[in-house]
1. Filter segment 178-195 down to the residues that are assigned to a strand (DSSP E or B) and of a type in the set (D, E, K, R), then identify the one that is modelled with the highest pLDDT.
2. Evaluate the following for ALA57: is it in a loop (DSSP other than H, G, I, E, B) and either in contact with a Phe, Trp or Tyr (Cβ under 7 Å, 6 or more places away or on another chain) or under 27 Å from GLN25 (Cα atoms) (or both)?
3. Counting only residues that are touching a Cys at 6+ places or on another chain (Cβ under 8 Å) and surrounded by fewer than 18 Cβ atoms within 10 Å (Cβ to Cβ), which one in segment 211-249 is farthest from PRO274 (Cα to Cα)?
4. Going through ASN140, ASN165, ASN125 one at a time, which residue ends up being modelled with pLDDT under 85 and in a strand (DSSP E or B)?
5. Answer yes if at least one residue in segment 200-221 is acidic (Asp, Glu) and touching a residue at least 40 places away in the same chain (Cβ under 8 Å), and no otherwise.
6. Can you tell me which residue within segment 58-96, out of those that are closer than 20 Å to PRO174 by Cβ and touching a Cys at 6+ places or on another chain (Cβ under 9 Å), is surrounded by the most Cβ atoms within 10 Å (Cβ to Cβ)?
7. If LYS109 passes every condition in (1) crowded, with 17+ Cβ neighbours inside 10 Å; (2) at pLDDT 95 or above; (3) under 18 Å from the mean Cα position of the chain (by Cα) but one, which one does it miss?
Amino acid sequence: MASLIDMSRIPFIPGRLHATNHPYQRYGPKGFMEIKVLPRSDDLYVRVDLPGVPDDAIRYRVDAVRQKLVFFSGEETLRDGVKVEDVREYSGSAGLGCDCCEITGVDAKMKDGVLRMIVSRVKVNKDHQDNKCTHFVPPNAGRSGRYDYQRSSDERYKYDVKSFNMVGVVEEHPFVVKGRKGVVTRQRTSDGCFHFSVDMPGVCSDDMFMLPNENEIKFYGENKEVYEHDESCRIFLGAVDRTCCAYGIPLLNHDIAWDAEFGVLKVRVSPPPPNNN
């Protein structure tokens, strides 16, 4: 059955990033973490991107002393073409930033490299003035999308406002305590194969696509099954250029294999075997 890709929602803004936590994200909620107060229950919804971590490998606990924070951690699996020292371990926390509430329970689910938690709470300080508490930590979650200004190097335009270019600065994952902090890996192994991986948190393998041509390998991913408390789906779009080729061999003559697991797309580009004839 053929699959259709709807490209109409993907904005194209040259030189800018949609979300500075991911260079290939083109649409959807930004940031490595999202925290918001649910309107009806007053519980907290927490989304944390932990790409590479298996669905059953997440650990979490509530601070037993103050009942304010939920601590979470996990470790991704070792994959072909990834160095042992690049395997990521995550550790972080989220929860209440007030003195009037306490956490009473956590409902956590891990799927496709995304941890989603419903944090239940109860007000213990009845004298607090706020009827609906909105204090949580970290306070700036989900606001990724900043830009740095870069002045033109041409002296003729250094005082012109138009000479400033907005340059996206890709942020490192704040919850990585071991291993790489970037969302992309590139490595050429001793057998001549090129390994490439890119994080697509929340996207399952059925919703990732590879589109190779003579000049590049394009990839596309979309989490079509949007969780009920997520703002919208997320769309990722990018490409690997011809540097993945073996010297002197056209790109389409290579064996291009790919797989996806726990929100990580893995691509292997292998040169053809030598022709003994």
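1. Taking segment 178-195 and keeping what is assigned to a strand (DSSP E or B), we get 178, 184-188, 194-195.
From the residues that got through so far, the ones that are of a type in the set (D, E, K, R) too are 178, 186, 188.
Working: LYS178: 94, ARG186: 90, ARG188: 89.
Only one residue tops the list, namely LYS178.
2. Numbers: in a loop (DSSP other than H, G, I, E, B): yes; either in contact with a Phe, Trp or Tyr (Cβ under 7 Å, 6 or more places away or on another chain) or under 27 Å from GLN25 (Cα atoms) (or both): yes.
Here the answer is yes, as ALA57 does meet what is asked.
3. Looking only at segment 211-249, we keep the residues that are touching a Cys at 6+ places or on another chain (Cβ under 8 Å), and these are 217, 222-226.
Then drop every residue that is not surrounded by fewer than 18 Cβ atoms within 10 Å (Cβ to Cβ), which leaves 224-226.
Numbers: LYS224: 42, GLU225: 44, VAL226: 46 Å.
In this case the residue turns out to be VAL226.
4. Working: ASN140 fails: in a strand (DSSP E or B); ASN125 fails: in a strand (DSSP E or B).
When all the criteria are applied, what remains is ASN165.
5. Start the filter on segment 200-221 by keeping residues that are acidic (Asp, Glu), which leaves 206-207, 214, 216.
Checking the rest, the ones that are also touching a residue at least 40 places away in the same chain (Cβ under 8 Å) come to none.
No.
6. Across segment 58-96, the extreme among qualifying residues is LEU96.
7. Of the numbered conditions (1) crowded, with 17+ Cβ neighbours inside 10 Å; (2) at pLDDT 95 or above; (3) under 18 Å from the mean Cα position of the chain (by Cα), the odd one out for LYS109 is (1).
Results for (1) β-branched (Val, Ile, Thr); (2) farther than 19 Å from PHE262 by Cα; (3) over 16 Å from the mean Cα position of the chain (by Cα), shown as yes or no for each residue.
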{"residue": "GLY31", "(1), (2), (3)": "no, no, no"}
{"residue": "ARG59", "(1), (2), (3)": "no, no, yes"}
{"residue": "VAL65", "(1), (2), (3)": "yes, yes, yes"}
{"residue": "THR77", "(1), (2), (3)": "yes, no, yes"}
{"residue": "VAL87", "(1), (2), (3)": "yes, no, no"}
{"residue": "ALA94", "(1), (2), (3)": "no, yes, yes"}
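The values are calculated or read from the model by the stated rules, or taken from the named source; none is laboratory data. None of the values given here were measured: they were computed from a predicted structure. Using ideal geometry, Cβ is built from the backbone for each residue, glycine included, and neighbour counts are taken over all protein chains shown.
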